[in-house]
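The block underneath contains the structure these notes are about, expressed in structure tokens.
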Amino acid sequence: MSKYEKMKSCFSGLERLILYRNLLEDKVLRSVNYLITGREETSIEKNSTFFQICLDLFLEAEENGFQGELLQNYIIKLLALDENPFSLACEKAGLSQVNSALSKAALHDIRILKGVLQFSLADIALYIGEREFGFTEAYTSPTKKAHCPLSENYSLLKQAFAAGDEEEILEVLADYYNTAGCGIFCQYSSFRWDSQTGIKGVNINQPISFNDLIGYERQKEKLIENTEAFLNTGIANNVLLYGDSGTGKSSSIKALVNKFYQRGLRLVEITKDQIRELPLLLDRLSKRGLYFIVFMDDLSFEDFETDYKYLKALMEGGIEGKPANVLFYATTNRKNIIKERWEDRRDLSDVHQYDSQQERLSLSERFGITITFLSPDQEEYLEIVKGLAARNNLYIPEDVLVEEALKWEKWHHGRSGRTAKQFIDYLAGTGA
């Protein structure tokens, strides 16, 4: 059997896939398969199809930071992303807990895919009469997605398919799903809920770490401790971060997922207006093997808004409840979240006035931990400024830095971590 007959046989074998049949619906792979195994076409038609494949693969390589042969990288990415009974089972429990029939079906598909992966884009070029496509075999993209589980675990998958036998590939693939997840959850660490299309991935262009947040050590420690308990035991509290604007509440949540995403933590942000859609979101998250923080930023309700009752029931005590792999984290400028007026306390028409007040306070109580972020005093503010200046390599005499920082906070938004950062950004931007 010639090399090209073997290539045709291997690509024809894709029709025998069991678990990974989603790959047959992929546009690029369908074009490749059709080019090799389809009906006879003119040279012009074949070349046009091939060059479109090349363009699609270059676009994928640049977006995902592929290193090496383009087509092989692409097929392995499809495997990493695929949601099927095997990948989802591995994500939840690992290979040791997967049904043996599923494992055997996965092994069957791996044998087929390993055969396909021995061929490159340059081999296909030669098959249709095109030469000098060897440059596609050692492609290097400078792109690197920050905090992306796929890109950071991808090299192990490639090594396994390149050098391992089928059993070894099965183990590496299962471990990948268990560590990084599959589908959209292995492409991103942070997400937002879209009312029309569901869960959407969010690219993190400027990753924040706890080292970037100067001060508030006790608050950060408490937040990290609760989240580690969630990842280690599955038992932890919902958290409310309460305090003044610009003190680092939201940044601490972002730093949290950046710290723990490699351990399976994912962040899904929803808005107050989407609270009634939470059951749908929670149903989807409950079927996954990862850990999720449902994040509500700047959460507060006016006295006439009643959706807080719905949220309260979902957080604790409701018949739907929250899944064991989900926690609620929220930030707010109001300690009691729900606006209360003095008139409410003097409302003589309400026979059970005390009960009404307790109803308004009850949402805050659903958060087992409240962490307070207060505006820094002058000494703390200046420590933040000095720390940020050193981190940004701004060499300014300390007395000058202090004097200008104090002027800045008076002229702008008062003392806060955000104000300090804006001041340092100003100095860095003006070349001070």
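The values are calculated or read from the model by the stated rules, or taken from the named source; none is laboratory data. The shown structure was predicted, so the numbers you read here are calculated from the model rather than taken from an experiment. Ideal geometry is used to build each Cβ from the backbone, glycine not excepted, and the neighbour counts take in all protein chains shown.
Looking at the structure I just gave you, is ILE208 touching a helix residue (DSSP H, G or I) at 6+ places or on another chain (Cβ under 7 Å), at pLDDT below 95, of a type outside the set (Asp, Glu) and farther than 30 Å from LYS144 by Cβ? Before you say what the answer is, go through the steps one by one.
On the way: touching a helix residue (DSSP H, G or I) at 6+ places or on another chain (Cβ under 7 Å): yes; at pLDDT below 95: yes; of a type outside the set (Asp, Glu): yes; farther than 30 Å from LYS144 by Cβ: no.
No.
Is the range 285-306 home to any residue that is outside the structural domain of ASP175 (by TED's automatic domain parsing), at pLDDT 85 or above, out of contact with any helix residue (DSSP H, G or I) (no Cβ under 8 Å at 6 or more places or on another chain) and not hydroxyl-bearing (Ser, Thr, Tyr)? Walk me through how you get there before you give the answer.
Taking the range 285-306 as the starting set, the residues that turn out to be outside the structural domain of ASP175 (by TED's automatic domain parsing) are 285-306.
Add one more test, that the residue is at pLDDT 85 or above, and what stays is 285-297.
Narrowing the set further to residues that are out of contact with any helix residue (DSSP H, G or I) (no Cβ under 8 Å at 6 or more places or on another chain) leaves 285-286.
Subset that is not hydroxyl-bearing (Ser, Thr, Tyr): 285.
Yes, the conditions are met somewhere in the range 285-306.
Can you work out which of the residues in the range 235-258 that are within 24 Å of GLU91 (Cβ to Cβ) and out of contact with any strand residue (DSSP E or B) (no Cβ under 8 Å at 6 or more places or on another chain) is surrounded by the most Cβ atoms within 10 Å (Cβ to Cβ)?
ASN258
Regarding the range 332-339, can at least one residue be identified that is of a type in the set (Ser, Thr, Tyr) and either at pLDDT below 85 or surrounded by fewer than 14 Cβ atoms within 10 Å (Cβ to Cβ) (or both)?
The first filter runs over the range 332-339 and keeps only residues of a type in the set (Ser, Thr, Tyr), leaving 332.
With the extra rule that they be either at pLDDT below 85 or surrounded by fewer than 14 Cβ atoms within 10 Å (Cβ to Cβ) (or both), the set shrinks to none.
Taking every residue of the range 332-339 in turn, none turns out to be of a type in the set (Ser, Thr, Tyr) and either at pLDDT below 85 or surrounded by fewer than 14 Cβ atoms within 10 Å (Cβ to Cβ) (or both).
Do any residues in the range 49-70 that are on the phi > 0 side of the Ramachandran plot have Cβ atoms under 7 Å from those of residues that are not in a helix (DSSP H, G or I), where the two are at least six apart or on different chains, and which pairs are they?
Every condition considered, the pairs that remain are GLY65/SER141; GLY65/THR143; GLY65/LYS144; GLY65/LYS145; GLY68/ALA138; GLY68/TYR139.
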